[in-house]
Amino acid sequence: MAYKDILYDTDGRLAYITLNRPEKLNALSNNLRGEVMDAMREAESNDEVGVIVLRGAGRSFSAGYDLSPARAADNFDFVSPRSGLPDTGSTHPGKTQWARHVVMTNWVIWELAKPVVAQIQGHCLAGGTELATVCDFRICADNAQIGYPPVRAMTTMDMMWTPWHLPPCKAREFAYVGDSFSGTEMARLGWANYAVAPDELGDFTEKFARRMAHVDNEMLMYSKRAVNRQYETQGIRDGLHSGTEIQALSAQRDAASEWGRRVRDDGLKAALEWRDGPFRDFRGAYASAPKDRAVAGMDPKAGDGKGAGYGD
């Protein structure tokens, strides 16, 4: 299997899918996401595989969607030749359809016949949290950073998963402010199954996955399906899809244009410093980040009010 942005291998009853852009903190390009979904289907079709482990190479699981021009696919091996996106059966026309496409892509893992365990270290941010959340299980390094900083200036979450996985007050905090939570805290809140020392993460995840792999494939499939259908009865599909409509609206608010203008005029890194400056974390921790900037949309020089349409 000739993948460019991931690694795929099997070891007995386990299949390993590794995000392999460590120099970019495994930022999720369109091609990488397409390769992940293809590898998921490859593991699903292999009768020898019982459990899939999704992990990231290097020091982070994933820093989120690739915000650079590199996000666009440069080949069509694992994306739709019509849209340049992972194929979901729609071309998703329109500049505000990104979140809808994200959710529809992630349903591949939801509907997969085999359980998927996310192994999370370092940064797990924005789109990285969405990819991890759609997996069946999450095992984190205790010092992992899990958060959604784009809500500070860009748009609402593409996949509004927090009300389904966190207590109401924490679901709001995560979705409103964008601060990071540690792996230990996310395990305490119930999003992660376990939080372990970073040097124990790989061994712990493997033992967890191999223990589950003693169950036959069809039993695992029916157990996963039975749990999924309970959430669907409660409305998770409608809830997540309705969240994508709100995300599209948030991209059209007046202040959204300031983010787009800063990316165009100053570059992505400077825009990220501006976004996170007052919070003093992520890019905002850099000395050059503006710690006392005006609130987006309240600066008369902020932009033209037309909206940027960004969804990351």
Practice problem: Leaving ligands, DNA and RNA out of it, work out the accessible area of residue 221 with a 1.4 Å probe and give it in Å² to the nearest 10. | Solution: 40 Å²
Exercise. Can you tell me the 0 to 90 degree angle between the C-alpha axis of helix 201-212 and the longest principal axis of the chain, rounded to 10?
Key: 50 degrees
Quiz prompt | Calculated Rg and Dmax of the chain using C-alpha coordinates, Å | solution = 19.1, 62
Practice problem: Provide the convex hull volume over Cα atoms per residue for the range 1-155, in Å³. | Solution: 111 Å³
Self-check item: Per-residue SASA entry for residue 10, accessible area with 1.4 Å probe, Å² rounded to 10
Solution: 70 Å²
Quiz item: For the range 163-210, what is the accessible area per residue in Å², given a 1.4 Å probe and the full set of protein chains?
Solution: 54 Å²
Practice problem: Identify which of 288, 29, 60 has the largest mean-square fluctuation in a Gaussian network model of the chain, with springs joining Cα atoms closer than 10 Å. | Solution: 288
Practice problem: Given a cut-off of 22 Å, name the pairs among 4/207; 170/291; 4/224; 114/207 whose C-alpha atoms lie farther apart than that in the structure shown. | Solution: 4/207; 170/291; 4/224
Quiz prompt | Nitroxide proxy distance, nm - points 7 Å out along Cα→Cβ at residue 193 and residue 90 | solution = 3.2 nm
Quiz item: Using a 1.4 Å probe on the protein chains only, how many percent of the accessible area of the chain belongs to carbon and sulfur?
Solution: 51 percent
Exercise. Quote the charge dipole size of the range 1-92 about the Cα centre in Debye, to the nearest 20; the model charges only the Cβ of Lys and Arg (+1) and of Asp and Glu (-1).
Key: 420 debye
Practice problem: Under a cut-off of 19 Å between alpha-carbon atoms, report the aspartates and glutamates in cross-link reach of residue 95, not counting same-chain residues fewer than 8 places apart. | Solution: 66, 87, 158, 245, 254, 258, 304, 312
Quiz item: What value, in deg cm²/dmol to 500, does the helix sum -39500 (n - 2.57) over DSSP H runs of n ≥ 4 give at 222 nm once divided by the residues of the chain?
Solution: -12000 deg cm²/dmol
Quiz prompt | residue 222 accessible area, 1.4 Å probe, all protein chains in place, Å² to nearest 10 | solution = 120 Å²
Quiz item: Which of these, 268, 28, 131, has the largest mean-square fluctuation under a Gaussian network model of the chain (Cα springs below 10 Å)?
Solution: 268
Quiz prompt | GNM result for the chain, Cα springs below 10 Å: residue of 51, 117, 108 fluctuating most strongly | solution = 108
Quiz item: About the Cα centre of the range 118-175, what is the dipole size in debye to 20, counting +1 per Lys and Arg Cβ and -1 per Asp and Glu Cβ, all else neutral?
Solution: 160 debye
Quiz item: What order do 138, 253, 59 take when sorted by accessible area (1.4 Å probe), most exposed first?
Solution: 59, 253, 138
Quiz item: Once the dipole of the chain is set up with Lys and Arg at +1 and Asp and Glu at -1 on Cβ about the Cα centre, which of 76, 194, 279 lies farthest towards its positive end?
Solution: 279
Self-check item: Tilt relative to the chain, helix 217-234 - C-alpha long axis, 0 to 90 degrees, to 10
Solution: 40 degrees
Practice problem: May I ask you to compute the full-extension gain from residue 107 to residue 68, defined as 0.36 nm times their residue separation minus their alpha-carbon distance, rounded to one decimal in nm? | Solution: 11.5 nm
Quiz prompt | Zone residues, the range 163-206, relative to residue 231, backbone N less than 12 Å from point 7 Å out along Cα-to-Cβ | solution = 163-166, 191-192
Practice problem: With everything on Cα atoms, drop me the angle between helix 168-177 and the longest principal axis of the chain, reported from 0 to 90° to the nearest 10. | Solution: 50 degrees
Exercise. Calculate the length of the line joining the C-alpha centroid of the range 147-220 to that of the range 1-58, in whole Å.
Key: 19 Å
Quiz item: Just the accessible area per residue of the range 1-103, please: how many Å² with a 1.4 Å probe?
Solution: 44 Å²
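The values are calculated or read from the model by the stated rules, or taken from the named source; none is laboratory data. The shown structure was predicted, so the numbers you read here are calculated from the model rather than taken from an experiment. Glycine also receives a Cβ, built like all others from the backbone with ideal geometry; neighbour counts cover every protein chain displayed. Ligands, DNA and RNA are stripped out before the accessible areas are found, and what is left, the full protein with its side chains, is counted by its heavy atoms. Shrake-Rupley method; radii C 1.70, N 1.55, O 1.52, S 1.80 Å.
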